[in-house]
1. Could you list, in sequence order, all residues of region 154-178 that are outside any helix (DSSP H, G or I) and either surrounded by fewer than 22 Cβ atoms within 10 Å (Cβ to Cβ) or touching a Gly at 6+ places or on another chain (Cβ under 6 Å) (or both)?
2. So, residue 292, is that one at negative phi, without any contact (Cβ under 8 Å) to a residue 40 or more places away in the chain, aliphatic (A, V, I, L, M) and in a loop (DSSP other than H, G, I, E, B) or not?
3. For region 351-369: of the residues being crowded, with 21+ Cβ neighbours inside 10 Å and either over 14 Å from the mean Cα position of the chain (by Cα) or of a type in the set (Lys, Arg) (or both), which is nearest to residue 395 (Cα to Cα)?
4. Kindly provide the set of residues from region 295-309 that are surrounded by fewer than 24 Cβ atoms within 10 Å (Cβ to Cβ) and either without any contact (Cβ under 8 Å) to a residue 12 or more places away in the chain or not polar (S, T, N, Q) (or both), ordered by number.
5. How many residues are part of a loop (DSSP other than H, G, I, E, B) and either surrounded by fewer than 18 Cβ atoms within 10 Å (Cβ to Cβ) or in contact with a helix residue (DSSP H, G or I) (Cβ under 6 Å, 6 or more places away or on another chain) (or both) if we restrict to region 202-221?
6. Is one or more of the residues making up region 233-240 surrounded by 18 or more Cβ atoms within 10 Å (Cβ to Cβ) and either more than 24 Å from residue 328 (Cβ to Cβ) or in the same structural domain as residue 165 (by TED's automatic domain parsing) (or both)?
7. Go through region 306-347 and count every residue that is part of a loop (DSSP other than H, G, I, E, B), within 18 Å of the chain's Cα centre (by Cα) and either among the aliphatic types (A, V, I, L, M) or more than 13 Å from residue 148 (Cα to Cα) (or both).
8. Just the residues that are within 23 Å of residue 65 (Cβ to Cβ) and either in contact with a Gly (Cβ under 9 Å, 6 or more places away or on another chain) or of a type in the set (A, V, I, L, M, F, W, C) (or both), please, taken from region 247-265.
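The values are calculated or read from the model by the stated rules, or taken from the named source; none is laboratory data. None of the values given here were measured: they were computed from a predicted structure. Cβ placement follows ideal geometry from the backbone for every residue including glycine, while neighbour counts extend to all protein chains displayed.
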Amino acid sequence: MKALVFENGCAVLPERVLEDARVTCAQGRIVSVERAGKRRPPADAEVVDARGGYISPGFIDIHVHGGGGADFMDGTVEAVRAACGAHRAHGTTTLFPTTTTGSPEQIRAMLDACVEARRSWKSPADGALIAGVHLYGPYFAEDKVGCHSEEGRRSPSAAEYEGYFASGVVRIATCAAELPGAVEFYRAARKARCLVTCGHSNASWTEMAEAFRAGMRHVDHFWCAMSTVPSVRARFGVPMQGSMLEFVLGHPEMSTEIIADGCHLAPELLEFAWRMKGAGRLCLVTDCNRAMDLPPGDYRFGPADDGSWFESDGEVGWAPGRTSLASSIRGMDHMVRHMRRVTRAPVEEIIRMASLTPAERTGIARGTGSLEAGKRADLVVLSRALEVRRVFVGGRESD
């Protein structure tokens, strides 16, 4: 296989941007990252001209429900591939298909479909690589279900979740900290070597501290479907207690994620999250649903047969009646561009939040997430405006 050489662009490294860079890849791996200088690439190399743009690591999405008309909870290999393909076109080279609420049978079907799609992946034509599944629903607090189906919500039971962990594909595991059985769930998820998270929760500081002792280290989509001091006061009265917000900001070990689609969070909240947690503990996620790249209209969130309905207006998803938001309809490239446009975060830190930081938090950074020798050649060529021009997965370009 010929060497693959990226040049005439700026390489986005974890801590800086390398001008006039050359990234050399061979056998699906990155071989070197250096200044191009005067030395020419090997005569038989395939040269990728970045045309003055950015040479970026491929994006990694740890919280994503679907895209291109498919939801991972549809539970078929075809749906999994369709969603993975849709996100690959937006620069995502690795993702973690994310469950919604649903029956045990629906969640099991989703896990099985993801296992088969990952096993049978042959080329970038099959979409972004699946690094594992994010077991997100169904263990949500009753008053924090959001746009998910209420019928599919429940408290965790070992008889159910131990089977999910036994599949070997679950790598991120979410549960609301105040639910009965949550601590046991966190311990089991930690034993299964998952990133252990709290989400769709009205937990107090005390409940978060107990979860932290059990292994919880991450909170899903900051400010969305999470507790605040007033919401905790409504549960416990006075004196007022700390919430998930204060706990995450008060513990350097905790990480979280933001949906930077321009609809979920205002610019000052995006800026605040970056300043408070830093690029090493803040992940960009899409939380995207099946309506990505589709026209406005009504769609199912979760399984196609009985998932909850939402409306896409072409910018974001809305719950019925437009009373609250219902997930994003944007890819990771949009999140990156929006962060660049409305915050002071430098481009290298924004790209880090979409690549290396999620890789580190999920334990896959040895193989991907940054432009470093030895890592898989997952690269995205971006314009100076951060538009996706070309996508490579394992050194092979997608259509």
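1. Filtering region 154-178 down to residues outside any helix (DSSP H, G or I) leaves 154-157, 167-178.
Listed by number, the residues that qualify are 154, 155, 156, 157, 167, 168, 169, 171, 174.
2. Working: at negative phi: yes; without any contact (Cβ under 8 Å) to a residue 40 or more places away in the chain: no; aliphatic (A, V, I, L, M): yes; in a loop (DSSP other than H, G, I, E, B): yes.
For residue 292, the condition - at negative phi, without any contact (Cβ under 8 Å) to a residue 40 or more places away in the chain, aliphatic (A, V, I, L, M) and in a loop (DSSP other than H, G, I, E, B) - is not met.
3. 368
4. Filtering region 295-309 down to residues surrounded by fewer than 24 Cβ atoms within 10 Å (Cβ to Cβ) leaves 295-300, 304-306, 308-309.
Within region 295-309, 295, 296, 297, 298, 299, 300, 304, 305, 306, 309 meet the criteria.
5. To start, the set of residues in region 202-221 that are part of a loop (DSSP other than H, G, I, E, B) comprises 202-203, 214-217, 220-221.
Going one step further and asking which of them are either surrounded by fewer than 18 Cβ atoms within 10 Å (Cβ to Cβ) or in contact with a helix residue (DSSP H, G or I) (Cβ under 6 Å, 6 or more places away or on another chain) (or both), we end up with 202-203, 214-216.
Count: 5.
6. Initially, region 233-240 is screened for residues surrounded by 18 or more Cβ atoms within 10 Å (Cβ to Cβ), giving none.
No, the conditions are met nowhere in region 233-240.
7. Looking only at region 306-347, we keep the residues that are part of a loop (DSSP other than H, G, I, E, B), and these are 306-307, 313-316, 319, 323-324, 326-327, 329-331, 343-346.
Among the residues that remain, those that are also within 18 Å of the chain's Cα centre (by Cα) are: 316, 326-327, 329-331.
Add one more test, that the residue is either among the aliphatic types (A, V, I, L, M) or more than 13 Å from residue 148 (Cα to Cα) (or both), and what stays is 316, 326, 329-331.
Matching residues across region 306-347 total 5.
8. Narrowing region 247-265 to residues within 23 Å of residue 65 (Cβ to Cβ): 248, 255-265.
Within region 247-265, 248, 255, 258, 259, 260, 263, 265 qualify.
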